[in-house]
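Before any comments, here is the structure.
Just so it is clear, none of the values below were taken in a lab; they were calculated from the coordinates. These figures come from a predicted structure and were not determined experimentally. Ideal geometry is used to build each Cβ from the backbone, glycine not excepted, and the neighbour counts take in all protein chains shown.
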There are 4 protein chains.
Amino acid sequence: MLEPEQIKEFFKNDKLAAYLGIELLEVGEGFAVSKMKIEEEHLNGINTVHGGAIFTLADFTFAVASNSHGVVTVAINVNISFMKAAFKGGTLTATAQEVTINPKLGTYTVNVTDDNGDLIAIFQGMAYRKRDKIKI
Amino acid sequence: MLEPEQIKEFFKNDKLAAYLGIELLEVGEGFAVSKMKIEEEHLNGINTVHGGAIFTLADFTFAVASNSHGVVTVAINVNISFMKAAFKGGTLTATAQEVTINPKLGTYTVNVTDDNGDLIAIFQGMAYRKRDKIKI
Amino acid sequence: MLEPEQIKEFFKNDKLAAYLGIELLEVGEGFAVSKMKIEEEHLNGINTVHGGAIFTLADFTFAVASNSHGVVTVAINVNISFMKAAFKGGTLTATAQEVTINPKLGTYTVNVTDDNGDLIAIFQGMAYRKRDKIKI
Amino acid sequence: MLEPEQIKEFFKNDKLAAYLGIELLEVGEGFAVSKMKIEEEHLNGINTVHGGAIFTLADFTFAVASNSHGVVTVAINVNISFMKAAFKGGTLTATAQEVTINPKLGTYTVNVTDDNGDLIAIFQGMAYRKRDKIKI
């Protein structure tokens, strides 16, 4: 595994995460936490948070957790269920946890919660592990 | 159903789609097509298009198709499989098609393709239809 | 909610569960546990447990948990990830837990484990709640 | 690719498919069709076809299509949406079609239809391709 600080440094290169104001808070082995303050640009046409913004927050956190072992790992499948709407001014937090891993595949659960700790979305992701090590 | 022009007008309110440069091309009953030119801000840390950008394009197109009947409809579950990487400078096109619909639920398939017509991602979405009509 | 014994009685009518030897062990509000001893008829062509048998065990347990409130509830979407093979002679256990619920929809996670407690599959199910009460 | 007759022969070893009366009708490269006449043992507690029976039919057909290239291939993730109930006496047909394939992963869509051609379920499956060839 890379050092948490190395992982954080590496993920500063994620342009979409930066563009949406996503902040990486914690990294561990197979684990990550990020947050996103809800701004105007995260909203859909009915003024709730866009599914795409929720997905991006969860997907970014999943990417950090799945790449934390230092092997280049890419998402191949995601299932996301949306439970509750969220609104401008609040903050969403995504917590990604590795469920199982083998040399080729890893499975991760990401919970996205609002300021009350209510579940906004559940994300189940499957990632494929390449042969390459992450180059810092 | 609303007129295609009314739907297009309504979806100009989607802030995230606008922020990411997503353009709605076509709307029909249970059908929609959008595109997104890949810019720097759509990329992840390894310079391929971020899953969150692909998802947002597909999710927006799904929202247009599922709201095309004039009833407020929200995403409850999405499954997305990522097949192929895409890069800056190309354009992604999402085509959403209704598969089945009943008074409460609709199911949609969205294909995301690149400039060669290769499949970048397949998105299967389920939407819940509320009682309210869309107000234009 | 119905009494756990009423729910157990009601689910004795599940013909496929009976045909596959699935046994309901526990029922609570939004919660259920079942098991299935792996027999010859549960196998696929390469002598591991068939995905269909694992799914049926998980789906049955999900149905019990989601119907435990006494309202007729039907599966609308399931995502299942398969992690590890299982073999004849072992026993699989499925544990279903409600994640969120509202008047129309419920979301459930089902873990399927083997005799070592290893995760064989993760199942995420979404159910639609009808207006009818379960008739015992 | 193996000959269609070889594939059909190989899948006669699928015990669960045989136990549920599933019949393989057609095999092609990345393609398969099967059917299942709905019997008493396929039903759930409310006398509609059990999700587990529908899933098994679709999963078997997916397995045939994904193994049709002659390489041992296993399911890693499935998303299934249930659209419509089906009843005893009818026949369900599953049609599996390869969507994309690379050396390690394949993606398949399976439609399950009833006697009227109505869609009962849509199944999207992802399979992992091992190094081993199928031994006939």
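Considering only chain C, pick the residue with its Cβ nearest the axis of the rotation onto chain B, and state the distance in whole Å.
Whole-Å result, nearest residue of chain C to the axis: C:Asn77, 2.
If each label sits 7 angstrom from Cα along the C-beta direction, how far apart, in nm, is C:Glu5 from its counterparts in the other copies?
Copy-to-copy label distances for C:Glu5: 6.1, 6.4, 6.9 nm.
Report, for C:Asn47, each distance to the same residue's label point in the other copies, shortest first and in nm; define the point 7 Å along Cα→Cβ.
4.3, 5.0, 6.5
Karplus couplings for region A:115-120 from phi (6.51 cos²θ - 1.76 cosθ + 1.60, θ = phi - 60°), rounded to Hz, Gly and Pro as x?
So the J values, rounded to whole Hz, are 5, 8, x, 6, 6, 8.
So which chymotrypsin sites (Phe, Trp or Tyr not before Pro) in region B:2-93 end up in coil per DSSP with only 12 or fewer other C-beta atoms within 10 Å?
The qualifying sites are B:Phe87.
Collect residues whose amide H, placed 1.01 Å from N in the peptide plane, falls under 5 Å from the amide H of D:Leu105; neighbours closer than 5 in sequence don't count.
Sorted by chain and number, the residues that satisfy this are D:Arg129.
To one decimal in nm, how far is C:Asp118 from the same spot in the other copies, if labels go 7 Å from Cα toward Cβ? Please give the shortest first.
List, nearest first: 3.6, 4.1, 4.3 nm.
Give the relative contact order (percent, whole number) for chain A; include only Cα pairs under 8 Å separated by 6+ residues.
Over chain A, the number comes to 25 percent.
On average, how much area does the Cα convex hull of the protein assembly as shown cover when viewed from any direction, in nm²?
23.2
Which residues' amide hydrogens lie under 5 Å from the amide hydrogen of A:Gly90, considering only partners 5 or more residues apart or on another chain, with H built in the peptide plane?
A:Ile38
Given a cut-off of under 8 Å on Cα pairs at least six residues apart, what relative contact order in percent is computed for region A:24-72?
Computed over region A:24-72, the figure is 47 percent.
Any number yet on Rg/Rh for region D:10-136, C-alpha, Kirkwood?
A ratio of 0.97.
Round to a whole angstrom and tell me the spacing of the C-alpha centers of region A:5-40 and region B:40-68.
Answer, in whole Å: 18.
Just how many pairs of Lys in region C:4-133 have C-alpha atoms closer than 29 Å, counting pairs that are eight or more places apart or on different chains?
Within region C:4-133, the lysine pair count is 28.
What average count of beta carbons from other chains do you get within 10 Å of the Cβ of residues in A:127-136?
1
Could you go through region D:17-29 in sequence order and give the Karplus-derived ³J(HN,Hα) for each residue, using 6.51 cos²θ - 1.76 cosθ + 1.60 with θ = phi - 60°, rounded to whole Hz, and x for Gly and Pro?
Values, residue by residue: 4, 5, 5, 9, x, 7, 10, 7, 9, 9, 9, x, 6 Hz.
Would you please give the residues with an amide H less than 5 Å from that of D:Leu2, counting only those at least 5 places away or on a separate chain, with H modeled from the backbone geometry?
So D:Leu2 has HN proximity to D:Gly70.
Helix-derived [θ] at 222 nm for chain C: sum -39500 (n - 2.57) over DSSP H runs of at least 4, divide by residue count, nearest 500?
Theoretical 222 nm ellipticity from helices: -6000 deg cm²/dmol.
Step through the residues of region C:30-44 one at a time and calculate ³J(HN,Hα) from phi using the Karplus curve (6.51 cos²θ - 1.76 cosθ + 1.60, θ = phi - 60°), rounding each to whole Hz and writing x for Gly and Pro.
Karplus-based 3J(HN,Hα) across region C:30-44 equals x, 8, 7, 9, 9, 9, 8, 7, 7, 10, 3, 6, 8, 8, 9 Hz.
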